[in-house]
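These notes are about the structure you will find just below.
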Amino acid sequence: MQQLYRQWQISARNAISYRAKFALATEIAKCDMSPREIRRAARRVVRALEAVIDLPIASADVLKRARQHFSALTDLLSASGFDAAGGE
C-alpha cells in the first residue's frame, strides 16, 4: 500500500492536464484498498470533470471546482503518512 500511495503522490504532482487529474482520480476512486476519505475526495474530482473531460473546452467554474477538489485530494494523499520520496 505504501508503494501505491507514493505512486499516487508522484502522479498527483505530475498531473498537469485535467485528463491526467481525471485519470488519477478515477484510479484512486476505484481502489478498494484506499481509505474511504481519499476515495471520496477522488470521486469529487471525477464528478467535477466527468461531464466535460471529453469536450474540447469547459467553463472556468467547472475547472475551478475540479482544481479545488484535486487540491483537496492531493492534500489528503500528502497527509496519508507516506512520503513520495521513499520514507515514512
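Of note:
- Candidates per GluC sites (Glu not before Pro) in the stretch 14-58, loop by DSSP, up to 15 other Cβ within 10 Å: Glu50
- On Cα atoms only, tilt of 2-14 relative to the major axis of the chain in degrees: 40
- Working note: Debye formula, equal point scatterers on the alpha-carbon atoms of the stretch 1-67, no solvent; log10 I(q)/I(0) at q = 0.26 Å⁻¹ is -1.17.
- Helical runs (DSSP H, four residues minimum) scored at -39500 (n - 2.57) apiece and divided by the length of the chain put the mean residue ellipticity at 222 nm at -22000 deg cm²/dmol.
- Taking the chain and dividing mean pair separation by its residue count, relative contact order in percent (alpha carbons under 8 Å, at least six apart): 37
- Basic side chains Lys and Arg get +1 at the Cβ, acidic Asp and Glu get -1 at the Cβ, and with that the dipole of the chain about its Cα centre reaches some 240 debye.
Quick note: the coordinates plus some simple rules give every number you see, no bench work behind them. Source: prediction; values computed, not measured. Note: ideal-geometry Cβ built from the backbone for every residue, glycine included; neighbour counts use all protein chains shown.
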